[in-house]
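S.K.: I'd like to ask you about the structure that follows.
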Amino acid sequence: MAVEQQITISFRYGLKDLSALRQLSAKLNQLLKDSALGEVDGHEVAVDLSHGFLYLYGPSAEAMFKGIKELLLQVPFMKGATVKLKFKDGSDDYPEFEVELD
């Protein structure tokens, strides 16, 4: 069984409903699937819609990030988001890397 790596995106949201997040999630999922890079596993958003998390899985966190970075940079609520790449390798101790979107 292949080990799936993970990306967790922590972002400030602050919009009145989840439509923009749902649109982004659908675009990301389509991009990842079309490129065979992975998939969006879902999101969590605070009850007051102030902030949230997106979860993505695939065989390479680095390849996923390279594939989605330009799309993320086009979305206003992703400005300042923290993207955490988790390089799982089957062990309990695996490297992680964080980058902030400007």
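S.K.: Would you pull out the residues with amide H under 5 Å of Q5's amide H, same chain only if 5 or more places away, H placed 1.01 Å from N?
M.R.: Sorted by chain and number, the residues that satisfy this are G58, S60, A61.
S.K.: Counting each DSSP H run of 4 or more residues in the chain as -39500 (n - 2.57), what helix-only mean residue ellipticity at 222 nm follows after dividing by all residues, to the nearest 500 deg cm²/dmol?
M.R.: Values: 2 runs with 29 residues, N = 102.
Value at 222 nm, helices only, nearest 500: -9000 deg cm²/dmol.
S.K.: Here's a follow-up. State, as an integer percentage, the relative contact order of the chain based on alpha-carbon contacts under 8 Å between residues 6 or more apart.
M.R.: Working: 192 pairs, mean separation 36.8, N = 102.
Contact order relative to length: 36 percent.
S.K.: Want the number for D41 to N29: 0.36 nm per residue separation, take away the alpha-carbon distance, what's left? Don't jump to the answer; show the numbers that get you there.
M.R.: On the way: separation 12, 0.36 × 12 = 4.32 nm, distance 0.86 nm.
Residue separation times 0.36 nm, minus the Cα-Cα distance, leaves 3.5 nm.
S.K.: What whole-number distance in Å separates the alpha-carbon centres of the range 8-28 and the range 31-102?
M.R.: After rounding, the separation between the Cα centres reads 12 Å.
S.K.: At L15 and K66, where each label point lies 7 Å from the Cα along Cα→Cβ, what is the point-to-point distance in nanometres?
M.R.: Simple spin-label model gives 2.9 nm for this pair.
S.K.: Across the range 6-22, in residue order, what do the Karplus-derived ³J(HN,Hα) couplings come to in whole Hz, using 6.51 cos²θ - 1.76 cosθ + 1.60 with θ = phi - 60° and x for Gly and Pro?
M.R.: Per-residue couplings from phi come out as 9, 10, 10, 10, 9, 9, 8, 9, x, 8, 7, 8, 8, 4, 5, 5, 5 Hz.
Read-outs: derived from the displayed coordinates by stated rules, not from any lab. Please read these numbers as outputs of a predicted model, since none were measured by experiment. Cβ coordinates were reconstructed from backbone atoms using ideal geometry, including for glycine residues, and neighbour counts include every protein chain displayed.
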